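Input: a single structure, listed below in structure tokens.
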Amino acid sequence: MNMRGTLFIVAAPSGAGKSSIVNACLARDPNISLSISFTSRAPRPGERHHEHYHFVSAQEFERMVAAGDFFEHARVHGDWKGTARQSVEPQLAAGRDVLLEIDWQGAAQVRAQVADAVSIFILPPSREALRQRMRARGQDSEEVIARRLAAAHDEMSHYAEFDYVIVNEVFESAVAEMCAIFTASRLRLGQQVQRHAALLRTLLEPDGGA
């Protein structure tokens, strides 16, 4: 019987560097799979279907919601975004760790269903740094940036709902901190008892080491 994998949830306000940190951690840790979300928004420059997101129409997304296909879903900045159940549950059941890169609303839905999920929130080092990172993308107008900054204020107010908080001031430090969370989570008592059941039986049997 496979040991159930750990579900990691990573959330952050737009522009905090979440995707860059997650991608760097995934490159270093082959034991975690990224769950690809569905979204009803149009692809941004450089984004590819089935690689960055599953891009579907709003009508198709709503059909999937009605069919109960989503593990979590929410409307973000006017567009739908969600994680399909089939992208998560089979991997966890097979013993594979899965990472969800989602917003705080989706994180709340997942935590309500998965009690042992490990959640991480990423904060920028300042409001000005957040503004500069949004502008550096070169993808959004000043009007859109202003709207995203306003939304970020609300998003950041939910940091206390998460198990861990990382401040992305020095990128490499933030990556190292997230990787450390992955490692520590695998060393929790419940995980280690399952992983090393045979060893524990041998170590604790009478005169087992004699």
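Observations on the structure shown:
- When residues of the range 79-133 are limited to those that are of a type in the set (A, V, I, L, M) and more than 24 Å from residue 164 (Cβ to Cβ), the one surrounded by the most Cβ atoms within 10 Å (Cβ to Cβ): 84
Conditions (1) of a type in the set (A, V, I, L, M); (2) outside any helix (DSSP H, G or I); (3) over 30 Å from residue 198 (Cα atoms), marked per residue:
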{"position": "4", "(1), (2), (3)": "no, yes, no"}
{"position": "15", "(1), (2), (3)": "no, yes, yes"}
{"position": "19", "(1), (2), (3)": "no, no, yes"}
{"position": "25", "(1), (2), (3)": "no, no, yes"}
{"position": "41", "(1), (2), (3)": "no, yes, yes"}
{"position": "75", "(1), (2), (3)": "no, yes, yes"}
{"position": "80", "(1), (2), (3)": "no, yes, yes"}
{"position": "83", "(1), (2), (3)": "no, yes, yes"}
{"position": "108", "(1), (2), (3)": "yes, no, yes"}
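- Flag for residue 175 being within 19 Å of the chain's Cα centre (by Cα), surrounded by 11 or more Cβ atoms within 10 Å (Cβ to Cβ) and not in a helix (DSSP H, G or I): no
- The residue list 146, 129, 93 contains one member that is among the aliphatic types (A, V, I, L, M) and closer than 30 Å to residue 194 by Cβ, which is 93.
- Residue match in the range 137-159 (condition: farther than 20 Å from residue 22 by Cα, in the same structural domain as residue 179 (by TED's automatic domain parsing) and buried (at least 18 other Cβ atoms within 10 Å of the Cβ)): yes
- Among the candidates 148, 135, residue that is free of Cβ contacts under 8 Å to residues at least 40 places away in the same chain and not hydroxyl-bearing (Ser, Thr, Tyr): 135
- Residue 70 being outside the structural domain of residue 10 (by TED's automatic domain parsing) and farther than 20 Å from residue 19 by Cβ: yes
The values are calculated or read from the model by the stated rules, or taken from the named source; none is laboratory data. Predicted, not measured: the structure shown is a model, and the values here were computed from it. Glycine also receives a Cβ, built like all others from the backbone with ideal geometry; neighbour counts cover every protein chain displayed.
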